[in-house]
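Enquirer: Shown below is the structure under consideration.
The values are calculated or read from the model by the stated rules, or taken from the named source; none is laboratory data. If you're wondering where the values come from, they're calculated on a predicted model, not measured in any experiment. Cβ sites come from the backbone with ideal geometry, for glycine too, and all protein chains shown count toward neighbours.
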Amino acid sequence: MRKWMAVVFFIGLLASNLALGQAKTIGELAWEEGPINAKIGGSATIKVPAGYAFLGSAGAREFNRLTENPDSGVDEYVLAKDDLSWVAFFSFDPVGYVKDDDKLDADDLLKSVTDGTEASNEERKKNGWDSIHVAGWAFKPQYDSTIKSLEWAFKLKGEKSSGESINYNTRLLGRRGVMQVLLVTGPDKLQASVADFKSRLPGFNFNDGDRYADFKDGDHVAEYGLAALVTGGAVAVAAKKGMFAAIGIFLLKMWKLLLVGFAAAAAGIRKFLGNKDAQP
């Protein structure tokens, strides 16, 4: 497991001018290779099939640091496809039962997130990181009332990057809160990545008693609805730094590997998996 991650990240991150030492550190994270049943905190599980890998909260925190994404302050978990065409971040927000009767205004939501991202760039600059900008919708918000899932996608562009990154968001509603899922991929891989990622979601399950349908009178109800989930949820509502700054810091992620070196990374992993006995 460590071997193939080291090879892929070495190729991709070297192309994006990150140090070789960082690439080795990423490859040495505590990746768990499928098939396994992985726990997402104490609220849910997900089946990780062969060809995919999983990081627990400690590994995900280090992964974020190495890829220049701010620490959200909550436990995150990473699911990745082994060709690195996409990476998904899972985190649970125990906000309570979110009512799903909101109307979603895509224009208003886009403006809020765009303003928030620009405000959050001040925080990124303090860390010595490049600014990021919202380039528009890649997929406008849609809610599936059958499976209680809200999804949308933003196009992001780095200050010094010639390419775009796609942040595809899913919110899975539960009895006691919301599972926040952020899929990071490239614009040319959006459809294939989303389709592949969604094929993994049937393997996701809230624990018994924690599903949306398990709601009972007297359970805590969230103070906001679907629209606020798009603009940052509880973090955006309650953050001391202000709603706009919180949106940009906690809702969006950039990943340098997705902006450059994708073709090289994909070729490298295919070659490596074709000869597992080969040395990187």
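Enquirer: Asp108 versus (1) closer than 25 Å to Ala195 by Cα; (2) modelled with pLDDT of 85 or more: which is the lone unmet condition?
Expert: (1)
Enquirer: Within the stretch 144-169, work out how many residues are crowded, with 16+ Cβ neighbours inside 10 Å and touching a residue at least 24 places away in the same chain (Cβ under 8 Å).
Expert: Result for the stretch 144-169: 17.
Enquirer: What residue, of Leu190, Leu183, Leu229, Leu172, is surrounded by 14 or more Cβ atoms within 10 Å (Cβ to Cβ), farther than 24 Å from Val74 by Cα and at pLDDT 80 or above?
Expert: Only one candidate passes the filter, namely Leu190.
Enquirer: Tell me, yes or no, whether the stretch 174-192 has at least one residue that is outside any strand (DSSP E or B), closer than 16 Å to Asp144 by Cα, under 22 Å from the mean Cα position of the chain (by Cα) and of a type outside the set (Lys, Arg).
Expert: no
Enquirer: Considering the stretch 202-226 alone, what residues qualify as being assigned to a helix (DSSP H, G or I), more than 10 Å from Lys99 (Cβ to Cβ) and in contact with a strand residue (DSSP E or B) (Cβ under 9 Å, 6 or more places away or on another chain)?
Expert: Selection gives Pro202, Gly203, Tyr212, Asp214.
Enquirer: Ok, one more. Touching a Leu at 6+ places or on another chain (Cβ under 6 Å) and modelled with pLDDT under 80 - does that describe any residue in the stretch 92-104?
Expert: No - not one qualifying residue is present in the stretch 92-104.
Enquirer: If you take the residues of the stretch 199-222 that are in contact (Cβ under 8 Å) with a residue 60 or more places away in the chain and touching a helix residue (DSSP H, G or I) at 6+ places or on another chain (Cβ under 9 Å), which of them is surrounded by the fewest Cβ atoms within 10 Å (Cβ to Cβ)?
Expert: It comes out as Ala222.
Enquirer: How many residues does the stretch 154-169 contain that are polar (S, T, N, Q), modelled with pLDDT under 85 and touching a strand residue (DSSP E or B) at 6+ places or on another chain (Cβ under 7 Å)?
Expert: Adding up the residues that qualify gives 2.
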